[in-house]
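Below is one structure, written out as structure tokens; comments come after it.
The values are calculated or read from the model by the stated rules, or taken from the named source; none is laboratory data. Note that the structure is a prediction, hence the values are computed from the model and not measured. Note: ideal-geometry Cβ built from the backbone for every residue, glycine included; neighbour counts use all protein chains shown.
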């Protein structure tokens, strides 16, 4: 089964506040209740080069600095991720975190080791932002947070064949490029 289908998170009915747990450390979201206003300067803690282990290999993630005009809600962050297993590229991602259709969303495209996109040309995997508190950002089915050791934790909800969800947690350490 392709990892892309595992990473897609389906929407389910939620509580009246628009958010509920999907897994122990991730949230799900009611349609229309994503964050519509946020200053991305609050997410500067994501910026940098991060390396860790997960999905059976070495994971690297790079978040570029926030750019754009906050007053016009035109800020964005971009970055990339790659998974290397036994010294070989397994897959990579390119992502964009920006406001889209009145909500803040992390959109990403997966690429196999042959650089063929897993998603169709105009498709992508989407994680609407639910909330930000301190150095934790909750997206639908994905949580980023800085832990007590100043490491970046990325926790993703993975849908199983039986419809249940499990979590994959990657603990990244900040590195210099």
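Residues in the range 135-142: is at least one outside any strand (DSSP E or B) and in contact with a strand residue (DSSP E or B) (Cβ under 7 Å, 6 or more places away or on another chain)? Yes - at least one qualifying residue is present in the range 135-142. Taken as a whole, the range 113-124 holds at least one residue that is more than 17 Å from residue 59 (Cα to Cα), modelled with pLDDT under 95 and assigned to a strand (DSSP E or B). Selection of the range 92-110 for residues being closer than 18 Å to residue 58 by Cα and surrounded by fewer than 19 Cβ atoms within 10 Å (Cβ to Cβ) yields 92, 94.
The residue that is surrounded by the most Cβ atoms within 10 Å (Cβ to Cβ), counting only those in the range 112-140 that are more than 17 Å from residue 40 (Cβ to Cβ) and touching a helix residue (DSSP H, G or I) at 6+ places or on another chain (Cβ under 8 Å), is 125.
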